[in-house]
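S.K.: My questions all concern the structure below.
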């Protein structure tokens, strides 16, 4: 009996070894629980959709995705990254939602010599001076949305703006980006605890400050609660609210509903973008999950397509750092993303358009983000200039 | 703004009171440290979200959630906690900590990892105009009203009824109460179920403002313990005053300190300092009370 099981184990081990050469194993570290978990789920569903449409094979290789939930705890994220690399021996990693987790896990990912494709968080600290050939972003540089929102606020002629964001790296990237785009007076800059859910004290302060506009970067459950409480406090009649697309997409619309109508935001993608790849993506997503996709879902979807294209180009040889980096950088031109045409800047962040959107009802009465203009064309990450990589 | 912040602190304080009242009774009467009190709060909020979803009405769901959570509490008392009364506090802490972990995993299994969203009842989503031209969220006003009503009800229950008399007798001297022929086992179950119902009420009322999620009980449990230590263990009146004090310090600290710090430091440093100093303030308050009145403000035991 013992011998038999030992033989079986050896056979299983052998089978694994044989497969490893022509199989892709992706470590997917994400925040899938808690108030902010909905974002992780959106990205994952977009990623899984692309994987399913590719028949479970990315780059022509049978693909296994190992999921791990960091629960928005940077320390947990770091440990899980270690586990994915050392125990599960993944070939590449993706998935991280929040910048504090990203920055905590990044040294571990770097030490493990695997590529990381960002489906969301792309902190300035990694895309700027700290750029690395093993890090590319399929989403946006952290400041992109906020810089676009700043441009929009400036075009509206607001005299000053009040900024509120969570106290973590992406919150600071958000205010920095907005300030660059806006260029005007900042009446106050408030940072709340990450995952804070009750904003009564902050809302009273905003009312007292009477700003010309309020810019709120509060993603996930934070945004749901903030906007609900903002409306409940009657502030929506007093202060115009400007948000990045993260705070006004389907994950939040589903929870808040009607009070969202008429809110303007900025994003790199919109539900109604007029291209074939987008129509295909939206139809497939709605069929699969029975809900409207968000920017996050598009990011997950594009991440999977990017991996698919690059792995195919190097015929599965992703251990070759130079070759795979080159294939990744060239990949956006070789597939159609729902967001339209884009390319990489030399620091591995997308060069793409950012749109102005407004929340309105579509012809079926559902609340969707409608594109009404372009705020920035082929925008390059401001911090790319700090990146010494060629 | 001061009026608005005062209402905010009142609203927070009253919800803390609901939690602390149950905790202080259990601790004071049964001499039992129940860390799982926060789990009942979580279970109450989840049941509320489930019933609200199923019935489509906040006000129908509320009593259902209260009763269901009281039953869960009673079941917990009869099946497990009853065996712990004679044990020392360390055993109780360990056992009820285990209950927290079990409850969290059970909730994960039943409701999943994602936090649930609970909406306020349809009439209370907007603001109301207060005298003096201040706009305030009507739902938060409703929370204050419910909190005040429950506080009065509890006051009446504890001071004017027979059950209340037994509760007070149990809290001030348990052995004597038993010697006088009080059915302490039944009393304990009733008190525990009542505490659970108060938890559920707090969870249900706070659900629309916060989020219904796994682990929501642990954060607020610590504050509830601070409240009962400040107020005096076993004393409802102490829990009330303690909860309002903690609510006031927390909200005012969060509201006023960052403004004060903003004049001295960069916005980021000020936002870092503000909340941490305000949470320190709560513990400074507790330390000061313990130093001046080690039994708390309103000790139940003479």
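S.K.: Pick out the one residue from A:197, A:203, A:218 that is facing chain B (nearest Cβ under 9 Å) and touching a residue at least 40 places away in the same chain (Cβ under 8 Å).
M.R.: None of the other options fit; the residue is A:197.
S.K.: So, one more: Working only within region A:32-49, note down all residues that are closer than 11 Å to residue A:221 by Cα and within 15 Å of the chain's Cα centre (by Cα).
M.R.: Within region A:32-49, A:36, A:37, A:38, A:39 meet the criteria.
S.K.: Also: Pull up region A:231-256, narrow it to residues that are within 14 Å of chain B (Cβ to nearest Cβ) and touching a strand residue (DSSP E or B) at 6+ places or on another chain (Cβ under 7 Å), then point me to the one that is nearest to residue A:165 (Cα to Cα).
M.R.: A:239
S.K.: Taking the options A:317, A:280, name whichever one is over 18 Å from the mean Cα position of the chain (by Cα) and not in a helix (DSSP H, G or I).
M.R.: Within the list A:317, A:280, the selection yields A:317.
S.K.: Now a separate question. Can you name every residue in region B:1-37 that is within 14 Å of another protein chain (Cβ to nearest Cβ) and farther than 17 Å from residue B:205 by Cβ?
M.R.: Within region B:1-37, B:1, B:2, B:3, B:4, B:5, B:6 meet the criteria.
S.K.: So, one more: Among the helices (runs of 4 or more DSSP H) confined wholly to region B:121-223, which include 3 or more residues that are within 14 Å of chain A (Cβ to nearest Cβ) and in contact (Cβ under 8 Å) with a residue 60 or more places away in the chain?
M.R.: Here the list reads B:138-160, B:184-206.
S.K.: Is there a residue being within 14 Å of chain A (Cβ to nearest Cβ) and either crowded, with 20+ Cβ neighbours inside 10 Å or in contact with a helix residue (DSSP H, G or I) (Cβ under 7 Å, 6 or more places away or on another chain) (or both) anywhere in region B:48-57?
M.R.: Checked against the condition, which is being within 14 Å of chain A (Cβ to nearest Cβ) and either crowded, with 20+ Cβ neighbours inside 10 Å or in contact with a helix residue (DSSP H, G or I) (Cβ under 7 Å, 6 or more places away or on another chain) (or both), region B:48-57 yields at least one hit.
S.K.: Tell me whether region A:79-89 contains one or more residues that are surrounded by 21 or more Cβ atoms within 10 Å (Cβ to Cβ), within 14 Å of chain B (Cβ to nearest Cβ) and closer than 16 Å to residue A:118 by Cα.
M.R.: Checked region A:79-89: no residue is surrounded by 21 or more Cβ atoms within 10 Å (Cβ to Cβ), within 14 Å of chain B (Cβ to nearest Cβ) and closer than 16 Å to residue A:118 by Cα.
S.K.: Would you confirm, using the coordinates I've provided, whether residue A:113 is surrounded by fewer than 17 Cβ atoms within 10 Å (Cβ to Cβ) and at pLDDT below 95?
M.R.: So residue A:113 passes the test.
S.K.: Identify, from the list B:239, B:262, the residue that is in contact with a strand residue (DSSP E or B) (Cβ under 8 Å, 6 or more places away or on another chain) and either surrounded by fewer than 24 Cβ atoms within 10 Å (Cβ to Cβ) or in contact (Cβ under 8 Å) with a residue 40 or more places away in the chain (or both).
M.R.: After applying the criteria, what remains is B:262.
S.K.: Give the residue, chosen from A:22, A:48, A:17, that is at pLDDT 95 or above and either within 14 Å of chain B (Cβ to nearest Cβ) or out of contact with any helix residue (DSSP H, G or I) (no Cβ under 7 Å at 6 or more places or on another chain) (or both).
M.R.: A:48
S.K.: Would you confirm whether any residue within region A:29-38 is within 14 Å of chain B (Cβ to nearest Cβ), in a helix (DSSP H, G or I) and either touching a helix residue (DSSP H, G or I) at 6+ places or on another chain (Cβ under 8 Å) or modelled with pLDDT of 50 or more (or both)?
M.R.: yes
S.K.: Name every residue in region B:248-272 that is more than 11 Å from every other protein chain (Cβ to nearest Cβ) and assigned to a helix (DSSP H, G or I), in order of residue number.
M.R.: B:248, B:249, B:260, B:261
S.K.: Restricting attention to region A:120-144, which residues are in a helix (DSSP H, G or I) and over 12 Å from the mean Cα position of the chain (by Cα)?
M.R.: Correct list: A:124, A:125, A:126, A:127.
S.K.: Can you name the number of the only condition in (1) part of a loop (DSSP other than H, G, I, E, B); (2) within 14 Å of chain B (Cβ to nearest Cβ); (3) surrounded by fewer than 20 Cβ atoms within 10 Å (Cβ to Cβ) that residue A:157 fails?
M.R.: (2)
The values are calculated or read from the model by the stated rules, or taken from the named source; none is laboratory data. The structure presented is a predicted model; accordingly, all values stated were derived computationally and were not measured. Because the Cβ atoms are built from the backbone with ideal geometry, glycine has one as well, and the counts that use them run over all protein chains shown.
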